[in-house]
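Just so it is clear, none of the values below were taken in a lab; they were calculated from the coordinates. Just so we're clear, the structure is a prediction, and the values are computed from it rather than from any experiment. We place every Cβ from the backbone using ideal geometry, glycine too, and count neighbours over all the protein chains shown.
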Amino acid sequence: MSGLSETEADVSRPSLFDRFGFATAAILAAIIVLIVLPLVLNDRYIGTLIKMLAASLFALAFNILWRQTKLLSFGHAAYFGLGMFAVVHLMRAIEAGSISLPLPLVPLAGLGAGLAFGWIAGFFATIRTGTYFAMVTLAIAELIHQLAPQWEGVFGGEAGLSSMRMPWASVTFGSDIEVYYLVLAWFILAVAAMYVFTMTPLGRLAFALGDNELRVRFLGYDTHALKTRVFAVSGMFAGLAGGLLALANENVDHTIFNAFVSGSAVIHTFVGGAGVFLGPIVGAFALTLFGFVVSDATRLWALYQGIIFVLVVMYAPQGVGGAIIDHVEPWRQGKLRSLVGPYLLGLIAALTLASGTVFLFEYLARLFSDPYGIQAASTKALPVVELFSITWPHASPTTWMVPVALFAVGLLLLRTAIGRIRKAWESIKTSSLGAEE
Amino acid sequence: MEFVVVSLLNGVIYGLLLFMVSAGLTLIFGMMGVLNFAHASFYMLGAYFGYSISRLTGFWPAILLAPILLAAVGAFVERFMLRRVHRHGHAHELLLTFGLFFIFEELIKLFYGFYPVAYAVPEELSFTAFNIFGLDYPFYRLFIGLVAVVMFAAIYVLLRFTRAGLIVRAAVYRPRMVEGLGHNVPLVFLGVFAMGAAMAGLAGTVAGIFYPTSPTMAQELGIIVFVVVVVGGLGSVEGALVASLLIGVFSSFAVGLDWTLAQALYPIGLQGWAEAVGGILTVKLATVAGAVPYFIMLLVLLLRPAGLLGERV
């Protein structure tokens, strides 16, 4: 009996401190990792870390509009890119000596450009909702994308613009690690600011707009003005994200306005979990790292990223962040143990299927590559394919058995795993229901 | 005169090509409320399928088989992918097609490489249609236009004068009501999606020969097709035809015109001032031709979101 009352107390009163404490601890740990990581990493990775931070901020900025106001923007590259150009212009002015400003404050130019342009674009875009809103943002971004290469004075033509970081105080900002810590400081500040924004009156109203715009209007608010402001805030943080990347890269060209850049914010956000505040960071980190690691190994990495994105959209619409949130409550109740076995099985199944898929695509990629075609044409035969340092003769049944076996075993394991996971979850849900009674 | 006639001819044919791709897109949007980002990918797949099949069997079977294959691809995407995410809302449907766009492009790169393939005009169609101002006008261009016209006539008849067309039009207008009357609306969705994919595929099979068949062809056409669909009015096939022709003719003329904003200010006596200011005011129309369709799209979205011929917003 005593055991039961204990769980009862745990479940009925999940104290705010408890929950808050968990999140705080996790965030503090993440910040410490981000501070320590560059000290132990090779310089090559620091550039990637900076890209991750910028991509995270960009995705978070995009998600202000989506998570709160339910407006899906397909043109956020415009504000990101303008932020980059603003920062490079400012850096050039500082370099020429016409303006003097400490380097750590330079990203403010990106923030300002994003805010100003976000305000203007937002005024027009938020006249519409739903698909029409997405189309307006797409049209604005594409307009800039098309005009930028023609407008050489501002966007530097085909070659783009570049500049140099000027030293400030006793810091030269010549090495990547110094830039990294500057970007990290801005990153933490901006994420905190975005979180605080969700709790401001405008931030709360933004949520209300997403839930039911009509009711907000009935309460007497000018919803168009509200949405314009939310859009401007989103554009501002996107501009800051671009500004930080420009600070690190020291150059920018018009290709930054490409629709794929807008798309990257969307993909990062939804893979990471659009419904969770920190979800976009998870997505941006995971996919940027994925691109960095996998693009070294195979030129098919974009295909794998596309497959991952589609699988997440189809089978985990809440994203990685949403999946984590689902586990917090059972974890606090100590009920996750029953899930460990089924999850391990699921992991093995997923890895088996993934290796089958990778084998198939890599094999096909070798088979259809230009060098192979030339070789086949010159020898008038089909040469063997070398993959994972093993040669695979085409006619040999083992070559085809490998992927077939991987798929068969993987699917079988997956079916079992899904059944067990479902069962374990059901028992978790029923037991917590019982506890509530 | 020569410039006007040739530009008009090229523009109309480019416009008809745009129409072949956008007709399916606008129907799908009208019916399911989904802007299909992968629609231009169907066009690209059509070109590559056409290329591969025509190497095996010649051009004529390819022009028939490639659209059929695309219909199968479209049906698969609708039945096993889109329908799955439907309950998560329009945003997720949009995202799914967005992801598919990437996958299709990467798959094409995997099988065919990064560079355009040599998809050549079939011999029996490779002749001069007529001679205009000393210029030999290739028959194949006219053939692209002809295919589009035949296709438009076919879907017009299908939609206006058949029972299936009646149900489709009703389902575009009021899907719930049509379902309530006992029609299998999911099946209608599937059919329209497959048809739309087949039409885009046909466009690719025919046009891939003229405009290079390369992995970037979906990107190049993708957003301009959105422009057409928006300007014509989302859901309106006739609107898509008018908008396609407008945009096609405009694009074809714009590349040859060196008008500037400064010249437009001549009537109010500001041309000299504008030319002195320079910058965006003296940029020639030809150089910003690519941006104008997006400007028009923006204007339409803001001023008349129903488009030229659309009925609903």
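Taking a cut-off of 28 Å, what percent of all Cα-Cα pairs in region A:41-331 are separated by more than that? Provide the component values of the computation, followed by the final result.
Numbers: 15518 of 42195 pairs.
Distances greater than 28 Å cover 37 percent of the Cα pairs.
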### Query
In what sequence do A:Thr198, B:Thr26 fall when counting other Cβ within 10 Å, fewest first?
A:Thr198, B:Thr26
#### Entry: Mean Cβ neighbour count within 10 Å, used as a protection proxy, ranking B:95-106, A:346-357 highest first
B:95-106, A:346-357
### Query
Which of A:Gln375, A:Gln333, B:Tyr294 sits farthest toward the positive end of the charge dipole of the protein assembly as shown, with +1 on the Cβ of Lys and Arg and -1 on the Cβ of Asp and Glu?
A:Gln333
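Determine, for each peptide in A:278-285, B:53-60, A:315-322, the mean count of other beta carbons within 10 angstrom over its residues, then list the peptides with the highest first. Present the calculation step by step, with values, prior to reporting the outcome.
Numbers: A:278-285: 25.8, B:53-60: 15.1, A:315-322: 17.8.
Taking the mean over residues of other Cβ atoms within 10 Å, the ranking is A:278-285, A:315-322, B:53-60.
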#### Entry: Fluctuation leader among B:Ile209, B:Ile108, B:Ile224 - chain B, Gaussian network, Cα springs under 10 angstrom
B:Ile108
### Message
Which of A:Arg229, B:Arg176 has the fewest other C-beta atoms within 10 Å, and how do the rest follow up to the most?
### Response
B:Arg176, A:Arg229
### Message
Please enumerate, by chain and number, the lysines with C-alpha under 24 Å from the C-alpha of A:Lys70, excluding those fewer than 8 residues away in the same chain.
### Response
A:Lys227
### Query
According to the square roots a ≥ b ≥ c of the eigenvalues of the Cα gyration tensor, what is the shape class of region A:136-272, taking rounded for a/c under 1.5, prolate for a/b larger than b/c otherwise, and oblate for the remainder?
oblate
### Query
In chain B, with Lys and Arg counted as +1 and Asp and Glu as -1 at Cβ, which of these residues, B:Val4, B:Ala200, B:Phe59, has the Cα nearest the positive end of the dipole, that is, farthest along it?
B:Ala200
### Query
Within straight cross-link reach of A:Lys423, meaning Cα distance under 19 Å, which lysines are found once same-chain residues fewer than 8 apart are removed?
A:Lys335
### Task
For A:Leu351 paired with A:Phe207, estimate the spin-label separation in nm (one decimal), with each label point 7 Å from Cα along the Cα-to-Cβ line.
4.0 nm
### Assigned charges on the beta-carbon of Lys, Arg, Asp, Glu; the protein assembly as shown dipole about Cα centre (debye)
1760 debye
### Query
For the protein assembly as shown, what class follows from the C-alpha gyration tensor (a ≥ b ≥ c being the square roots of its eigenvalues): rounded when a/c is under 1.5, otherwise prolate if a/b is larger than b/c, else oblate?
rounded
#### Entry: Fluctuation leader among B:Thr287, B:Thr205, B:Thr216 - chain B, Gaussian network, Cα springs under 10 angstrom
B:Thr287
### Task
Determine which lysines satisfy two conditions relative to A:Lys51: a Cα distance under 19 Å, and not lying fewer than 8 residues away in the same chain.
none
### Task
Ignore the peptide's own chain and count Cβ atoms of other chains within 10 Å of each Cβ in A:296-303; give me the average, rounded.
3
### Summary
Which of B:Gly204, B:Gly290, B:Gly191 fluctuates most in a GNM of chain B (C-alpha springs under 10 Å)? That residue is B:Gly290
### Message
So if I place +1 on the C-beta of Lys and Arg and -1 on the C-beta of Asp and Glu, and nothing else carries charge, what would the dipole magnitude of chain A be about its Cα centre? I want it in debye, nearest 20.
### Response
760 debye
### Message
Give the separation of the Cα centroids, region B:18-83 to region B:155-201, in Å.
### Response
17 Å
### Neighbouring partner chain Cβ atoms per residue of B:287-299, average, 10 Å criterion
5
### Task
Quick one, could you list the DSSP H helices from chain B stretching 27 Å or more along their long axis (Cα atoms) with average Kyte-Doolittle hydropathy of -0.5 or above?
B:2-32, B:90-112, B:139-161, B:185-207
### Query
Per residue of A:152-159, how many C-beta atoms from partner chains lie within 10 Å of its own C-beta, taken as a mean?
1
